[in-house]
Amino acid sequence: MSISLIKFLSYSIFIAEQQNNNILVLLLKDYARTRVTKMQFLFILMLIVSYRERALLIDNKLYKILFLYIDTYADSICRTLILS
């Protein structure tokens with residue numbers, strides 16, 4: 001898998017955690033487990049912990065776009081992940 005997928009999944013899980021959307025967090029983690037290797041999944045979890053400890057991510061453009069997208073379309077994302 002590419003680094004961009006790992007970065008995208010870690011941002012998405014972190015944003016869902018920030019929005020207290022536990023169902024989406026669970027579905028995204030399950031999706032990540034099926035798409036990446038165990039080592040890459042552990043790396044995703046480590047990235048999420050580092051995002052919590054630092055506030056540097058908030059100024060990132062990709063973060064802002066994903067935050068707005070997940071905030072707006074969380075229901076349809078959940079539906080898509082459940083059906084896949």
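Remarks
- Using C-alpha pairs below 8 Å separated by at least 6 residues, the relative contact order for segment 3-83 is 42 percent.
- Neighbour counts of C-beta atoms inside 10 Å place LEU56, LEU26 in the sequence LEU56, LEU26, starting with the fewest.
- Formal net charge of residues neighbouring LEU66 (Cβ-Cβ distance under 14 Å; K, R +1; D, E -1): 0
- Taking Cβ atoms as reference points and 15 Å as the exclusive limit, the residues near SER4 contribute a net charge of +3, counting Lys and Arg as +1 and Asp and Glu as -1.
- Summing +1 for each Lys or Arg and -1 for each Asp or Glu among the other residues whose beta-carbon sits under 12 angstrom from that of PHE41 gives +3.
- Distance from the alpha carbon centroid of segment 1-39 to that of segment 53-71 works out to 14 angstrom.
- Note on segment 19-58: Kirkwood hydrodynamic radius from all Cα pairs is 11.1 Å, rounded to one decimal.
- The coefficient of translational diffusion for segment 3-83, derived via Stokes-Einstein from the alpha carbon Kirkwood radius under 4 °C and 1.567 mPa s, stands at 102 µm²/s.
Each reported figure results from applying straightforward, stated rules to the coordinates on display, with no laboratory input. All values reported here derive from a predicted model rather than from experimental measurement. Note: ideal-geometry Cβ built from the backbone for every residue, glycine included; neighbour counts use all protein chains shown.
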